[in-house]
Structure formats: C-alpha cells, structure tokens
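One structure is given below, encoded as structure tokens.
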C-alpha cells in the first residue's frame, strides 16, 4: 500500500508559467491543482473544452472489478476516492455548478470470481445489499462507490479555473510543440505561440499524435466506447449496477446511463446499431419498463487506451520540461484528483514513491498485473 501525505500536508508552491494542453478532465484537473499551488497556468484546447472522452463517460468513481487491476493502480484509485469529497467541495465553492457527487454504491452481479474478489478487494468491504436491491438478484455490494455527473464536473472546473485566473484558449485548432535541445520552448497553433517554463500534455487519445516525433513510444491509442441514455422517474434505480463489463448508472434527476463498449477502431466516433442493440438488450433485461420507451440519446467517445489500463503520469524521457498526464482509459474521471496531485508533485521535483514509478514512461510498456 502506498503511503500518502497526512491531511495537514502543504504542497510545494509553484510559481513558474505552465501551459497545459488539453481541456478534458486530466488537463482541467491538472490546471486546477497547479493553479491551487500558485502557478501561472494557461490551458490550450484544439476544440471545445470538456467535450471528448471526459464528457462521454459515466462518472463511476471506482475501478470496475477492482481486484482485476495492478496494486499500484488500485492504490492510486483509493487515494483518488479519498480526495474526491473535499476536491468536489472546493470546486463547488469556487464555481456555482454542482457536479452532483453522490455515494450511491454499486452492485456487482454475477459472473465474477468470488474468491478472487474476497482476497483482493482493494480495501472496499463487500456487504449485504439493502432490501431495495433484492429485485436485481444476488451480487457483491460495494456501498462506498460514488459517482459524479461528469459533464457538470467539467463545467464546474472550467468556471472555477477562470475564477482562479487561469486562461483557457479553446477552438484553436491543431497544436504542436517547438523544441530546442532537450526542452520545449513553446506550444504553437498557426501563427500563435505560447511559451512557458513547463508544459503538460493531457490530450487523451490524441496525446501521441500531438507529441508527433517526440512521442518516444507513448503507448496510447483510442478505444471507442458507446453509451445510451434513458429517462425515468428519480429513484427508479437506487445504485450503480455492473454485470460482465456493462453497467447502468442512475442520475439524481432520473436519467439512467447504459454502457459501454470497448472498440479498437481508431479515431472513429461513429455510433453503431450493433452497440445500440446490445446495450438496449442489457437495459431491457434489468429494467424492462424503462427500456420500453427506448433510449433518448446514443453517443460514442474515444478513451485514451494504454496497456493494462495504467495511465502515464510522468516527465518526458528526453524533453526535461514536458510532462504527460494521460492514458487513463476508462478511469480519467475516477483518477482525476490523485493524478493531478501526482503530476504536480513531479513538476515540483518530488521523487515518486517506488510503486508510483509504474506510471512512468518506460515502465508502462512493461507493466503487468500484480
């Protein structure tokens, strides 16, 4: 288990100008943490902030079947889960938008390996599910699992960052990096340049593309995920339901998300009839009355896939003032506060604990579950 700082820990201040490239959850969370530490931060976004994978996901703040993941990723997730309540509170106090953080719990339905779950539960105790869930059959009950409404979280972060004095440049088109020796000198788009002392690449599935000749084997690729949205009365589904890679996530206002797919199809966000039928069939089995009226929306997003779901939160192996916070696969929102904290520590010269070196550039290629 990793040892994290005590609650009265005060991070080292940052005063150097920093450019964060990417305005999804990883980029915005990074900018928030750096600005909180006193940095002069600018965020660059080629399109509309918060409209790619971070917006498209479900906002479940847990690994799906936590025992199936490497111990360092489980530890980072647990730390992120512990940070979330205060992190959300700070954002909500700065911005007027409520991200709808709620601890709804998650019921894991069969099939699953009970013995493996009981011996590798990453500190989350499975308990008897409440009576309200008996209609969904037996399963493992994780009462502490929370969720957040990710589009609202992104909006809140954008508003909060602006109130902290962070400049966000959106719709600027293709971004590239200019370098000299072993340093980045500026981020460039067209005839516009943004020089800084340090740079962060947090562009998700597009990270290797942005780095181009400086990608240095960064093993991140797009993985399409499709989702359906249904509308029903609030409280119809009291918790998150998970079964064999698919899930239902209830929102406070009665909307229910049904997801999701894992498709290695490149940079293609097209929705498909096959995915719609499969996800609708899943909803029909568990909540036939809700499914009867059909989904009200169907969309796809491109997750930043990396080997074994291990993100890269690291300094570039050659460019000494360039850092990456990317490759979170399905868990960008889940890991946002802890990843941003780890990144900011790295940028202020802290040496990561040995276990955290799993998230660095060379180790990610060799990473395997432990």
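Since every read-out is calculated from the coordinates, none of them should be taken as a lab result. Source: prediction; values computed, not measured. Methodologically, a virtual Cβ is constructed for each residue, glycine included, from the backbone with ideal geometry; neighbour enumeration extends over all protein chains shown.
In whole Å, what are the extents of the chain along the principal axes defined by its C-alpha atoms, from largest to smallest?
That gives 62, 41, 40 Å along the principal axes, largest extent first.
Gain in length, residue 212 to residue 110, computed as 0.36 nm per residue apart minus the alpha-carbon separation, to one decimal in nm? Intermediate values should be presented prior to the final figure.
Numbers: separation 102, 0.36 × 102 = 36.72 nm, distance 4.33 nm.
Gain in length upon complete extension: 32.4 nm.
Can you give the Rg to Rh ratio of region 266-353, both from alpha-carbon atoms, with Rh computed by the Kirkwood formula?
Value, to two decimals: 1.18.
Picking from 144, 233, 243, which is most flexible by a Gaussian network model of the chain using Cα springs under 10 Å?
Most flexible of the set in this elastic network: 233.
How would you classify region 185-339 from its alpha-carbon gyration tensor, with a ≥ b ≥ c the square roots of the eigenvalues: rounded for a/c under 1.5, else prolate if a/b is greater than b/c, otherwise oblate?
Numbers: a/c = 2.59, a/b = 2.39, b/c = 1.09.
Prolate, since a/c reaches 1.5 and a/b exceeds b/c.
Report relative contact order for the chain in percent, whole number only (criteria: Cα-Cα under 8 Å, sequence separation at least 6).
On the way: 807 pairs, mean separation 85.1, N = 370.
Once normalised by length, the contact order is 23 percent.
Gaussian network model of the chain, Cα springs within a sub-10 Å range: biggest mean-square fluctuation belongs to which of 219, 288, 307?
288
Counting DSSP beta bridges in the chain, what percent are antiparallel, to the nearest 5? Spell out each step's value before the answer.
Numbers: 42 of 60 bridges.
Of the beta bridges lying entirely in the chain, close to 70 percent run antiparallel.
What does the C-alpha gyration tensor say about the overall shape of region 15-157? Classify as rounded when a/c is under 1.5, otherwise prolate if a/b is larger than b/c, or oblate. Walk me through the numbers on the way to the answer.
Working: a/c = 2.40, a/b = 2.00, b/c = 1.20.
Prolate, because a/c is 1.5 or more and a/b exceeds b/c.
Could you compute the FRET efficiency for residue 178 and residue 351, with r as their C-beta to C-beta distance and R0 at 25 Å, rounded to 0.05?
On the way: r = 29 Å, r/R0 = 1.17.
After rounding to 0.05, the efficiency reads 0.30.
Which shape class, rounded, prolate or oblate, goes with region 31-76 when its Cα gyration tensor gives a ≥ b ≥ c as root eigenvalues, a/c under 1.5 marks rounded, and past that a/b bigger than b/c marks prolate? Kindly include the intermediate steps, with their values, before the conclusion.
Details: a/c = 3.42, a/b = 1.53, b/c = 2.23.
Oblate shape, in that a/c is at least 1.5 and b/c is the bigger or equal ratio.
Compute a Gaussian network model of the chain, connecting alpha carbons closer than 10 Å, and tell me which residue from 348, 360, 104 fluctuates the most.
348
Report, to the nearest 10°, how far helix 336-347 tilts away from the longest principal axis of the Cα atoms in the chain, using its own Cα long axis and a range of 0 to 90°.
That helix lies at roughly 20 degrees to the long axis.
If you take the alpha carbon radius of gyration of region 41-119 and divide it by 2.2 N^0.38 Å, what ratio comes out, to two decimals?
Details: Rg = 16.3 Å, N = 79, 2.2 N^0.38 = 11.6 Å.
Normalised Cα radius of gyration, region 41-119: 1.41.
Can you work out the FRET efficiency for the pair residue 236 and residue 271, with r the C-beta to C-beta distance and R0 = 22 Å, to the nearest 0.05? Before the final figure, lay out the partial values.
Working: r = 25 Å, r/R0 = 1.13.
Result of the calculation: an efficiency of 0.35.
Per DSSP H run of at least 4 residues, take -39500 (n - 2.57); add these up for the chain, divide by its residues and hand me the 222 nm value, nearest 500 deg cm²/dmol. The partial results should precede the final answer.
On the way: 10 runs with 101 residues, N = 370.
Calculated mean residue ellipticity at 222 nm is -8000 deg cm²/dmol.
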